[in-house]
Amino acid sequence: MNHTAFDYQRVQVSGGVSLNVATTGRGSPVVLLHGFPQTHLMWRHVAADLATDHTVIMPDLRGYGDSDKPADTGLAYAKRTMAADVVEVARALGHDTFALAGHDRGALVAFRTGLDHPDHVTHLASLDVLPTLDMWDVMRGTSAAVGFHLFLMAQPPGLAEQMIGATPDAFFGHFLDIWSRTPFPEDVRAEYLRASREAVTSIVADYRASATIDVEHDTASLDAGSRLTMPVTVLQQDWGAALGFDARALWQAWAPDLDHRTVSCGHFMAEEAPDVVAGAIRELLKR
C-alpha cells in the first residue's frame with residue numbers, strides 16, 4: 001500500500017540489501033523510522049505536517065514492509081547494522097546530516113544511529129521506548145507479562161517463528177488493538193497485518209537481536225561512556241508509573257541534552273496524536 005502523497009524508490013544499502021523508501025516535502029531533512037508491527041505508513045500524518053518545510057525520508061526498516069528481509073546471520077538485524085542503513089539511505093538521497101525520529105523498534109535504531117554516527121544526526125526524537133538495556137532491566141515480576149512478546153521472540157530460532165506464523169493476524173493484530181486508544185482505519189490495519197504476515201521470520205530476528213547482539217553493543221557503549229551528544233526529545237506513555245521506574249532518569253543517563261515528555265495518547269502516538277508528535281519534532285529542531 002503506497003501513500004499517494006509520497007514518492008517511492010528503492011535504495012541499496014550494505015550487504016546487497018534494498019530498502020523501500022518513501023519521501024515527501026522539501027527542505028532540511030528529517031528521517032522517520034517506524035515501529036512494530038507497522039511500516040513507514042505510520043508517519044503519514046506527521047509527514048504531511050513536516051513536509052511543508054522539510055524533506056521527510058521514511059524507509060521501511062530492513063525486515064519490515066516492502067524492504068528486503070535478509071537471512072539472520074546474527075548481525076543482519078543488529079541495531080548497529082540497521083543504523084548504518086539509515087546513514088546510507090540519507091546519503092543516497094543527498095544528505096550527510098539529518099534530524100532523526102523513531103517510534104518503537106525504529107526508536108531503538110535511532111538510538112544506535114545517534115551513538116554510532118553522531119556527526120550525521122543533528123537532533124534525535126524517540127517515541128515510546130526505553131533504551132534496550134533499561135528495558136530489560138525494568139521488565140520484572142508479573143508486570144513484565146505486558147512484554148511477553150519480547151521474551152517469546154528472544155528464544156533461539158524456530159519455535160517463535162512457528163507459533164507466530166501459525167496465526168500471524170491474531171498475533172500482530174493483538175498489539176494493534178491493545179496498544180491503541182483509537183481503532184486504525186481498516187485499510188491501514190489490513191496493510192500492517194499484510195506486511196507483518198509476510199515478515200514473521202525477519203521481525204522475530206529483529207527482536208532476537210535486542211536480546212543478544214544489541215545488549216552486547218549497548219553494554220559496550222555504556223562502559224565506554226558513549227552518550228547521545230545531540231539534543232534529544234523523548235515522548236512516552238507513563239510506563240514508569242505502571243512498572244515502577246523513573247523513565248526520565250533512565251533516559252537522562254544516555255542523553256544529557258534531554259526533553260522528556262509524558263503523553264496521554266496510546267502507543268501509536270504518531271497516528272493518534274500527530275499534532276503532538278509533529279509539534280515536538282519542530283520544537284526539537286529549534287534547539
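Numbers at a glance
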{"item": "Subset of the stretch 211-258 (residues that are outside any helix (DSSP H, G or I), among the charged types (D, E, K, R) and in contact with a helix residue (DSSP H, G or I) (Cβ under 7 Å, 6 or more places away or on another chain))", "result": "246"}
{"item": "Test: residue in the stretch 222-231 that is within 26 Å of residue 69 (Cβ to Cβ) and either touching a residue at least 24 places away in the same chain (Cβ under 8 Å) or surrounded by fewer than 18 Cβ atoms within 10 Å (Cβ to Cβ) (or both)", "result": "no"}
{"item": "Selected residue (criterion: nearest to residue 217 (Cα to Cα)) from residues of the stretch 132-179 that are open to solvent by 50 Å² or more (accessible area, probe 1.4 Å) and aromatic (Phe, Trp, Tyr)", "result": "136"}
{"item": "Subset of the stretch 21-36 [part of a strand (DSSP E or B) and surrounded by fewer than 23 Cβ atoms within 10 Å (Cβ to Cβ)]", "result": "23, 24, 28, 29"}
{"item": "Residue 204 being crowded, with 21+ Cβ neighbours inside 10 Å and touching a His at 6+ places or on another chain (Cβ under 6 Å)", "result": "no"}
{"item": "Residue check, residue 93 within 19 Å of residue 13 (Cα to Cα), out of contact with any His (no Cβ under 7 Å at 6 or more places or on another chain) and open to solvent by 10 Å² or more (accessible area, probe 1.4 Å)", "result": "yes"}
{"item": "Subset tally (residues that are touching a residue at least 12 places away in the same chain (Cβ under 8 Å), open to solvent by 30 Å² or more (accessible area, probe 1.4 Å) and not in a helix (DSSP H, G or I)) for the stretch 180-197", "result": "2"}
{"item": "Within the stretch 105-158, helices (runs of 4 or more DSSP H) holding 1 or more residues that are under 19 Å from residue 243 (Cβ atoms), modelled with pLDDT under 95 and aromatic (Phe, Trp, Tyr)", "result": "none"}
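For (1) under 19 Å from the mean Cα position of the chain (by Cα); (2) in a loop (DSSP other than H, G, I, E, B); (3) over 21 Å from residue 274 (Cα atoms), each residue gets a yes or a no:
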| site | (1), (2), (3) |
| --- | --- |
| 4 | no, yes, no |
| 19 | yes, no, yes |
| 38 | yes, yes, no |
| 43 | yes, no, no |
| 52 | no, yes, no |
| 56 | yes, no, no |
| 64 | yes, yes, yes |
| 75 | yes, yes, yes |
| 81 | yes, no, yes |
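The values are calculated or read from the model by the stated rules, or taken from the named source; none is laboratory data. Values in this document were obtained by computation on a predicted structure and should not be read as measured data. Cβ: placed from backbone, ideal geometry, glycine included. Neighbour counts: every protein chain shown. Only protein heavy atoms, including side chains, enter the accessible area calculation; ligands, DNA and RNA are left aside. Shrake-Rupley method; radii C 1.70, N 1.55, O 1.52, S 1.80 Å.
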